[in-house]
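**Student:** Got a structure here, written out as structure tokens. Questions coming.
The values are calculated or read from the model by the stated rules, or taken from the named source; none is laboratory data. Since the structure is predicted, the reported quantities are computational estimates derived from the model, not experimental observations. No Cβ is skipped: glycine too gets one built from the backbone with ideal geometry, and neighbour counts run over all protein chains shown. Side chains included, ligands, DNA and RNA excluded: accessible areas come from the protein's heavy atoms. Shrake-Rupley method; radii C 1.70, N 1.55, O 1.52, S 1.80 Å.
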Amino acid sequence: MKIGIIFIMLVCIGCSGAQQYSFSIQGNVEGAKYGKAFLLTPKEEVICSTKIEGRGFELKGILKEPGQYVLRVNRRQFMFFMDGKSMRIECPYRSFSSGYLQGSPANDLSVEYGQLQEDYTARRERFLKEYKKAMDAGDQKAADEAMTQVLLVGEEEFALTREFVREHPDNIFSAYISEKAGRENYAKAKELYGLLTPRAQQYSWGCLLKQHLDGLSASAEGVMCPEFTVSDEEGNPVTMSSLKGDILVLDFWASWCGPCRQEMKSLREQYKEFKDKGVRFVSISLDASSDKWKEACEEENIPWLSTLADGGWDDSEVRELFGIQSIPHIVLVGKDGRIVGKNVRRNILRDKIIELLNK
């Protein structure tokens, strides 16, 4: 049996003196007598490789930390979470998958978490089908209700993630799902980061979550909306301070974002309902091209103030200021200038606006 040995420091390292991680993976893959086995990064950069002899192989070495990797045998491969010292996979070549890997607690947790997610995934897909059906029928009310249910499933899924991290606070997989779930919301990021052990906080994903947490503090719910400047369709500057006094709905979007343009159909109904009640709507485009933005504004016939942020998606200071990782993204600001909600949409947004108006 051939052994591929590697001693490397990965680029994606922990943020403080984490101990080096020694590993070995032994394989016995029926139907793969010859060929090569590889350990790769998620970007499929080769970390190490070895020849397969008589179905067997062993990959071993030292990495900076446990993490997510790819195991490849000839033409088949799978992504998995690796934190075991001595791991083994024994399976038919045609069934080569992470489910057969033994000896990696993080991979076992990823399988368990995936099984727990199945119900949420099924419910989300059901509501998305209802949403598409309603959109095709031109029934905006039904579409809003279906999308609201999709968003509520997401909140329930966050509760699942929180409890999972609470039960497994010291594992790198928990750091991974915490970063995914907390990257856009300060309160969620703070809660999840606080659940991780000091060691898990030092893993790459824990460090990244801390970066999100620090970056999101300036636009967290309850703080004053940060000052920013964007441009209207005539090129005039529009500042946050010039918008204060009304309840503000800040709609971050882009011409190339299909879901954003669908979201505007819902916002249009809320605009009709609230525009004369002290609620001001402002769309902020993250387009890199002002021409494409103006063309989309004309196509959508946006009835409220439409603005453009400098820098496009990649270099927008406004996007970075609000910690936006995906669009559509809606920020709700109270009359006092404090942020009331982030990434609030559809009927959830409507309910929050009504709550503010009734205060």
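**Student:** Place the peptides 21-28, 238-245 in order of packing, highest mean first, counting for every residue the other Cβ atoms within 10 Å and averaging per peptide. Intermediate values should be presented prior to the final figure.
**Tutor:** Values: 21-28: 18.9, 238-245: 14.4.
Put in order of decreasing packing, that is 21-28, 238-245.
**Student:** At 10 °C and 1.306 mPa s, what whole-number value in µm²/s does Stokes-Einstein give for the translational diffusion of the chain, with Rh from the Kirkwood sum over Cα pairs? List each step's numbers first, then the result.
**Tutor:** Working: Rh = 23.0 Å.
D = 69 µm²/s.
**Student:** Another question, if that's okay. Within straight cross-link reach of residue 33, meaning Cα distance under 16 Å, which aspartates and glutamates are found once same-chain residues fewer than 8 apart are removed?
**Tutor:** The qualifying aspartates and glutamates are 53, 58, 90.
**Student:** With the cut-off at 23 Å, tell me which of the pairs 244/272; 129/272; 43/129; 132/190 have Cα atoms farther apart than that.
**Tutor:** Correct reply: 129/272; 43/129; 132/190.
**Student:** Here's a follow-up. Could you list the trypsin sites (Lys or Arg not before Pro) in the stretch 277-337 that lie in coil according to DSSP, counting only those with at most 13 other Cβ atoms within 10 Å of their Cβ? Before the final figure, lay out the partial values.
**Tutor:** On the way: sites: 277, 280, 292, 294, 319, 335; in loops: 277, 335.
Of the trypsin sites (Lys or Arg not before Pro), the ones in loops of the stretch 277-337 whose Cβ has at most 13 other Cβ atoms within 10 Å are 277.
**Student:** What part of the accessible area of the stretch 242-287, given as a whole %, is carbon or sulfur when the probe is 1.4 angstrom?
**Tutor:** 47
**Student:** Cβ under 12 Å from residue 47's Cβ, residue 47 left aside: what net charge do those residues give with Lys, Arg +1 and Asp, Glu -1?
**Tutor:** Details: positive: 43, 60, 64, 72; negative: 44, 45.
Surrounding charge for residue 47 is +2.
**Student:** Measuring from centroid to centroid over Cα atoms, what is the spacing of the stretch 260-285 and the stretch 144-214 in Å?
**Tutor:** Here the two parts' Cα centres lie 30 Å apart.
**Student:** Once you sort the root eigenvalues of the Cα gyration tensor of the stretch 308-359 as a ≥ b ≥ c, which label holds: rounded (a/c under 1.5), prolate (a/b larger than b/c) or oblate (the other case)?
**Tutor:** prolate
**Student:** Sticking with this one: With θ taken as phi - 60° and the coefficients 6.51, -1.76 and 1.60, list the Karplus ³J(HN,Hα) couplings across the stretch 131-144 in order, rounded to whole Hz; mark glycine and proline as x.
**Tutor:** 3J(HN,Hα) across the stretch 131-144, in whole Hz: 4, 4, 4, 5, 5, 4, 8, x, 9, 5, 4, 5, 5, 5.
**Student:** Further question on the same structure: Over the stretch 125-174, average the accessible area per residue using a 1.4 Å probe and give it in Å², no decimals.
**Tutor:** Counting only protein heavy atoms, the per-residue value for the stretch 125-174 is 53 Å².
**Student:** Using a/c under 1.5 as the rounded threshold, could you call the stretch 238-287 rounded, prolate or oblate? The axes a ≥ b ≥ c are square roots of the C-alpha gyration tensor eigenvalues, and prolate needs a/b larger than b/c, oblate otherwise.
**Tutor:** On the way: a/c = 4.11, a/b = 1.30, b/c = 3.17.
It is oblate, given that a/c is not under 1.5 and a/b is not larger than b/c.
**Student:** Note down the magnitude of the dipole of the chain about its Cα centre, charges +1 on Lys and Arg C-beta and -1 on Asp and Glu C-beta and zero elsewhere, to the nearest 20 debye. Walk me through the intermediate numbers first.
**Tutor:** Details: 48 positive and 53 negative charges, 267 e Å.
Dipole magnitude for the chain comes out near 1280 debye.
**Student:** Run the paramagnetic zone check for residue 299: 7 angstrom along Cα to Cβ, then residues of the stretch 136-154 with backbone nitrogen under 15 Å.
**Tutor:** Taking a point 7 Å out along Cα→Cβ of residue 299, no residue of the stretch 136-154 has its backbone N under 15 Å.
**Student:** So what is the accessible area of the stretch 44-103 per residue, in Å², with the probe set to 1.4 Å? Don't skip to the answer; put the middle values down first.
**Tutor:** Values: 2800 Å² over 60 residues.
Result: 47 Å² of accessible area for each residue.
**Student:** Counting other Cβ atoms within 10 Å, keep those with at most 13, restrict to DSSP loop, and tell me which GluC sites (Glu not before Pro) in the stretch 195-284 are left.
**Tutor:** 227, 234
**Student:** In whole percent, what relative contact order does the stretch 250-359 give with Cα contacts below 8 Å and a gap of six or more residues? Can you show the working numbers first?
**Tutor:** On the way: 137 pairs, mean separation 32.0, N = 110.
The value is 29 percent.
**Student:** Give me the base-10 log of I(q)/I(0) for the stretch 32-167 at each q in 0.16 Å⁻¹, Debye formula, one uniform scatterer per Cα, rounded to two decimals.
**Tutor:** -0.87
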